[in-house]
1. Tell me which trypsin sites (Lys or Arg not before Pro) from segment 33-88 have a DSSP coil assignment and no more than 10 other beta carbons within 10 Å of their own.
2. Name the shape class, rounded, prolate or oblate, that the alpha-carbon gyration tensor gives for segment 70-170, where a ≥ b ≥ c are the square roots of its eigenvalues, rounded holds for a/c under 1.5, and otherwise prolate holds if a/b is larger than b/c and oblate otherwise.
3. Can you list the DSSP H helices in the chain whose Cα atoms extend at least 15 Å along the helix axis and whose mean Kyte-Doolittle hydropathy is 0.0 or higher?
4. Dipole of the chain, Cα-centred, from +1 at each Lys and Arg C-beta and -1 at each Asp and Glu C-beta, to the nearest 20 debye?
5. When only the heavy atoms of the protein chains count and the probe is 1.4 Å, how do ARG7, ARG343 rank by accessible area, highest first?
6. Name the residues whose placed amide hydrogens come within less than 5 Å of the amide hydrogen of VAL110, ignoring near sequence neighbours (fewer than 5 apart) on the same chain.
7. Place the peptides 140-147, 367-374, 182-189, 279-286 in order of packing, highest mean first, counting for every residue the other Cβ atoms within 10 Å and averaging per peptide.
8. Please give the peptides 216-223, 155-162, 114-121, 86-93 ranked by average Cβ packing (other Cβ atoms within 10 Å per residue), highest first, as a rough proxy for protection.
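The values are calculated or read from the model by the stated rules, or taken from the named source; none is laboratory data. Because the structure is predicted, anything quoted here is derived from the model rather than measured. Using ideal geometry, Cβ is built from the backbone for each residue, glycine included, and neighbour counts are taken over all protein chains shown. What goes into the accessible areas is simple: the full protein's heavy atoms, side chains included, and nothing from ligands, DNA or RNA. Shrake-Rupley method; radii C 1.70, N 1.55, O 1.52, S 1.80 Å.
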Amino acid sequence: MQHLPGRHFLQIPGPTNTPLPVLAAIAKPTIDHRGPEFGELGLEVLKGIRSIFKTTNPVIIYPCSGTGAWEAALLNTLSPGDNILMFETGWFSTLWSKMTAALNLKAEIVKGDWRSGVDANEIEARLRQDKEHKFKAVAVVHNETSTGVASNIAAVRKAIDRAGHPALLLVDTISSLGSIDYRHDEWGVDVTVGGSQKGLMLPPGLAFNAISDKAIAASKKSKFPRSFFGWEDMLTANKTGFFPYTPSTNLLQGLKVALDMMQTEGLEEIFSRHNRAAAATRRAVQHWGFEIQCRNETEYSSSLTAVRLPEGHSADALRKEILARANMSLGNGLGPLADRVFRIGHLGDFNNVSVLGTLSGVEMGLKARGIPFRSGGVEAAMDVLAGNSPPATRAA
Ligand SMILES: Cc1ncc(COP(=O)(O)O)c(C=O)c1O
């Protein structure tokens with residue numbers, strides 16, 4: 001493989017760039033996962049991760065990707081044949097609903113346009129109609145990574161409460177956790193699903209279930225057979241910092257350092273940094289004259305921006321050109337958005353200069369591909385980052 005000079009710009013919306021101190025911690029020798037040193041590490045990360053979800057309840061850490069944590073959320077709280085209400089926000093909400101079918105759950109899916117977030121009023125209306133309370137859960141994606149749309153989870157909670165419905169609330173925060181404000185306890189979420197490879201700045205390989213008391217009570221009645229994903233054995237072992245099977249020891253070493261880094265920077269400052277990067281990116285995109293996939297300003301994602309190219313131009317050819325010229329990876333369009341949009345990731349470990357470098361790479365690619373655009377987007381973004389231009393709003 002030919003070495004490309006300079007650092008690779010990994011600007012897909014996850015996995016994200018892993019900072020050197022985290023990589024160094026992962027590279028430390030593997031320790032005995034049944035020894036005292038691991039027990040301390042386990043207790044520390046199991047406690048520290050709670051603050052990222054803004055919960056005082058347990059958070060389960062699985063050695064798997066986010067898809068496993070989706071499955072765990074369903075298997076632990078529901079029973080075969082149960083009904084679940086889901087909202088189609090894009091590719092990832094669709095994959096989650098496909099999983100429910102494979103598990104013999106009956107999902108009712110509220111159709112979406114892949115440009116907007118969850119409509120809480122529609123959720124309320126469907127739940128009001130459900131007089132017999134057949135829906136056992138409502139499952140939504142907080143930040144739809146395929147479209148760059150962030151839904152208002154507090155509004156979904158309020159909709160469920162207004163309808164007086166007992167359904168559990170399950171939320172996917174895989175591309176928002178540690179990047180966009182999220183409050184598991186305050187928003188009354190029952191299971192929050194997360195992953196290590198995005199806002200937490202780790203490689204892929206850890207996935208999370210933050211769980212409410214109501215979710216734990218539901219898990220005691222759930223009739224799904226489960227073994228690897230069962231919460232009960234995990235919760236018992238986790239009390240002393242251990243796991244019922246071999247954990248991802250080295251990734252947990254990395255998680256400890258990532259949590260320290262996040263605590264030092266401060267969650268609220270991390271969210272502001274993401275908001276600024278997103279605002280600067282949108283300013284550049286709008287200056288270039290392109291449409292943002294997200295329709296509603298209040299739903300703009302702070303962790304990624306999906307950009308629509310004008311008709312007749314290939315987003316994949318543009319990404320290919322940028323990879324070759326700038327050694328930079330951008331996210332592809334997924335499902336019906338394939339080749340139509342490209343996605344700029346601005347989450348995890350980055351600073352203002354990384355954002356400007358990313359936007360410069362895009363601008364260079366647009367020029368090289370002969371795609372008509374108004375030049376000067378990077379300059380416009382610089383104004384936002386330098387504080388000379390008010391940033392655009394985004395969802396609370
Ligand atoms: C919002 C969202 N949900 C779920 C997933 C699936 O997670 P994984 O690929 O880690 O299994 C992803 C992956 O990018 C995602 O962005």
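1. Answer by residue number: ARG34.
2. oblate
3. For the chain, where a helix must reach 15 Å along its axis and average at least 0.0, the hits are 36-53, 66-77, 91-102, 249-265, 352-369.
4. Using Cβ point charges on Lys, Arg, Asp and Glu, the chain gives about 440 debye.
5. ARG7, ARG343
6. Residues meeting the criterion, in which the H sits 1.01 Å from N, are MET86, PHE87, GLU88.
7. Ranked by mean Cβ neighbours within 10 Å, highest first: 140-147, 279-286, 182-189, 367-374.
8. 86-93, 114-121, 155-162, 216-223
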